[in-house]
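The values are calculated or read from the model by the stated rules, or taken from the named source; none is laboratory data. All figures in this text were calculated on a predicted structure; none of them were measured in a lab. We place every Cβ from the backbone using ideal geometry, glycine too, and count neighbours over all the protein chains shown. Remember, those area values only see protein heavy atoms, side chains included, never the ligands or the DNA or RNA. Shrake-Rupley method; radii C 1.70, N 1.55, O 1.52, S 1.80 Å.
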Amino acid sequence: MKGLIKKDFLLIKSNLKSFIVIILVFTLFSMKGEGFNVSFILPFLAIMMFISTFSWDEFNNFNAYAITLPIGRRNIVKSKYISAIIFIAIATIIGLIITYLTTILSKNIFDIEVILSNLFGTILGLSIILAIWLPIVYKFGVEKGRIMLFVGVFAIVFLCATLSKLFDFTSLINFLNSLDKVLFIAIPLSSIAIMVISYLISVRIYLKKEF
Amino acid sequence: MKNAIEINALEKKYDNFKLGELNLEIPRGLIIGLIGENGAGKTTLIKSLLNIIKPSKGKIKIFNKDLKEMELDIKEDVGVVLDNMFFQEILTPHDINTIMKDIYKNWDTTLFNTYLSEFGINFNQTLKTMSKGMRKKVEIATSLAHKPKLLILDEPTSGLDPVVRNEVLEIFQKFVSDEEHTILFSTHITSDLEHIADKIIFIDKGQIVLNELRDEIIDNYGILKCSLDSFDKIDKKDIICYKKNKYDYEILIYDKNKMNKKYKDFIVDRITLEDLMILIIKGEK
């Protein structure tokens, strides 16, 4: 299993340079602009890199070969979830360091609470997206999964926008804000729970899959 | 342990194709050539052996261990080359080593490096910049570097030029020389098998039509050639199958020596695996 996680890291090696450039550009933006934060962008970049590892696996028929190795289908799926978590974790840490440095450099106050709450929101959002996306990819493959991801994200955004026009969510938001401290624990826990459920579904799909 | 692989009542059904029911024993220490047309079921059989696809029914034992129960244990000792390229093309042989040493317990980096050097392959070159033959060599080196007892190879020589193909076949021969190791090797390039296979398994339309030692095939089967009007002189029960050409008949016969004596007026030719394959598939009964 460790071998497969290493493989995912080796696969992103080649586009690491372009990602560093993107990060630098965003860092400059965040130093100039207001309310713009690198720590959001980085986990999204991590997800994009993660998705690219799936594309490589599929494009070069690695999936059938992986089954022939002494790893087991369950561990093949597990390695992908672990890769995803490590990718996001590393991106988050780098994001926090850059944010910290840029705020110090631009002599602003480093408000850890604001940054963390933004970050937690991002991570929860990403876990939900991944948790839905991964089983779909295991079932239908990367290409269809990509289309479904687009459609899904648009549907959610559209739904939220429509709902917020129809109903007044101020009280809900206020209620959530009052839960501040609870959410700090609840969000990471629910992210983990969502990922675990998604993993179990993916394993069920993958155990039956033929290549 | 006499057999490397034992297959019992194996069946795999698809909408438009069915493999089996197959019963097959693959003895240890030999090179077994799996031949057949494209779509005859070679890859389906190989994929079933590796659990890449799930058979509809039947039992597979490898090294006398049940494939379902001891899959990972078995796979530690199996080396595989699949018909399509299967490593991500942006990886280098060096990367493959980094990955594989954490996957196989017995992975031997030195051995892997030795194979690559023998093949003249650059460790830090990405696969996409390599020729098809070089990539195949990287795959073959990978399949050998954990010192497997069984190699399962799906069309390992297709797309290789004759020189490389010879190199590869030599490696396979070296691999089985200790009589413990087994190779199951599918191909439609039958001339490869004439050089190295000890035993031939011939699959047609999902069924095994022939499973014999190569030498026995070459010694016993023959092609009897006769002109269009003398076909009736041949005893019907001597004809396994035949093919009508423009000017003559080609008849597949068994027991070459006996037929030579019986039909003194006709020529009985040595058979090649290719002739045999074409006659059995295309011939009439």
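Exposed loop positions in chain B were taken to be GluC sites (Glu not before Pro) whose DSSP state is not H, G, I, E or B and which have at most 14 other beta-carbon atoms within 10 angstrom. Between these positions, the longest stretch is B:181-285. Restricting the trypsin sites (Lys or Arg not before Pro) of the stretch A:18-127 to loop positions (DSSP other than H, G, I, E, B) with no more than 11 neighbouring Cβ atoms within 10 Å leaves A:LYS107. In whole percents, the pair-distance distribution calculated for the stretch B:3-214 from its alpha-carbon pairs, binned every 10 Å from zero, is 8, 35, 37, 18, 2. The loop-placed chymotrypsin sites (Phe, Trp or Tyr not before Pro) in the stretch B:191-247, going by DSSP, that have at most 10 neighbouring Cβ atoms within 10 Å of their Cβ come out as B:TYR247. Using R0 = 35 Å, the C-beta based FRET efficiency linking B:GLU180 and A:LYS209 works out to 0.55. Positive end of the dipole of the protein assembly as shown (Cβ unit charges, origin at the Cα centre): among A:PHE158, A:PHE120, B:TYR247, the Cα lying farthest that way belongs to A:PHE158.
Relative to the longest principal axis of chain A, what angle (0 to 90°, nearest 10) does the C-alpha long axis of helix A:73-105 take? The two axes meet at around 30 degrees. Along the positive direction of the dipole of the protein assembly as shown (beta-carbon charges: Lys, Arg +1; Asp, Glu -1; about the Cα centre), which of B:PHE112, A:ILE22, A:LEU172 reaches farthest? Of B:PHE112, A:ILE22, A:LEU172, it is A:LEU172.
Computed from point charges on the beta carbon alone (+1 for Lys and Arg, -1 for Asp and Glu), the dipole magnitude for chain B about its Cα centre is near 620 Debye. Using the Karplus relation 6.51 cos²θ - 1.76 cosθ + 1.60 with θ = phi - 60°, the per-residue 3J(HN,Hα) values for the stretch B:10-25 come to 6, 9, 9, 9, 10, 4, 10, 8, 9, 9, x, 7, 10, 10, 7, 10 Hz, with x marking Gly and Pro. Amide H contacts of B:CYS241 (H built 1.01 Å from N, in plane; Pro and chain starts excluded): B:LEU252 sit under 5 Å, all sequence-distant by 5 or more or on other chains. Among the protein heavy atoms, those of B:HIS195 account for about 120 Å² of accessible surface (1.4 Å probe, every chain in place). The loop-placed trypsin sites (Lys or Arg not before Pro) in the stretch B:1-76, going by DSSP, that have at most 14 neighbouring Cβ atoms within 10 Å of their Cβ come out as B:LYS2, B:LYS68.
Could you work out how far helix B:162-176 tilts from the main Cα principal axis of chain B, as a 0 to 90 degree angle to the nearest 10? The helix B:162-176 is inclined about 80 degrees to chain B.
Remark: the stretch A:158-169, residue by residue, has Karplus-estimated 3J(HN,Hα) of 4, 4, 4, 4, 5, 4, 5, 7, 6, 10, 9, 9 Hz, where x stands for each Gly or Pro and the curve is 6.51 cos²θ - 1.76 cosθ + 1.60 at θ = phi - 60°.
Residue-wise HN-Hα couplings along the stretch B:33-50, as the Karplus relation 6.51 cos²θ - 1.76 cosθ + 1.60 with θ = phi - 60° gives them from phi, are x, 9, 10, x, 5, 4, x, 7, x, 4, 5, 4, 5, 5, 5, 5, 5, 9 Hz; Gly and Pro carry x.
Dividing the summed -39500 (n - 2.57) terms of all DSSP H runs of n ≥ 4 by the residue count of the protein assembly as shown sets its mean residue ellipticity at 222 nm at -18000 deg cm²/dmol.
Rounded to the nearest 10 degrees, the angle from helix A:112-140 to the longest Cα principal axis of chain A is 20 degrees.
Evaluating kT/(6 pi eta Rh) at 10 °C and 1.306 mPa s, with the Kirkwood radius of the protein assembly as shown over Cα pairs in the Stokes-Einstein relation, gives 60 µm² s⁻¹. For B:LYS54, no residue has an amide H sitting under 5 Å from its own, ignoring neighbours fewer than 5 places away on the same chain, with H placed 1.01 Å from N. The residue among A:ILE47, A:ILE132, A:LEU69 whose Cα reaches farthest toward the positive pole of the charge dipole of the stretch A:10-147, with charges on the beta-carbon of Lys, Arg, Asp and Glu, is A:LEU69. Taking amide hydrogens as placed 1.01 Å from N in the peptide plane, the amide H of B:GLU89 sits under 5 Å from that of no residue at least 5 positions away in sequence or on another chain.
Assuming charge only on the beta carbon of Lys and Arg (+1) and of Asp and Glu (-1), the dipole of the protein assembly as shown about its Cα centre is about 900 debye to the nearest 20.
Neighbours of B:LEU160 by Cβ distance under 12 Å: Lys/Arg scored +1, Asp/Glu scored -1, total 0. Can you pull the percent of Cα pairs in the stretch A:2-208 with separation above 29 Å? For the stretch A:2-208, the fraction of Cα-Cα distances above 29 Å is 33 percent.
For the stretch A:113-164, the square roots a ≥ b ≥ c of the C-alpha gyration tensor eigenvalues yield an a/c of 1.5 or more together with a/b not exceeding b/c, which makes the shape oblate.
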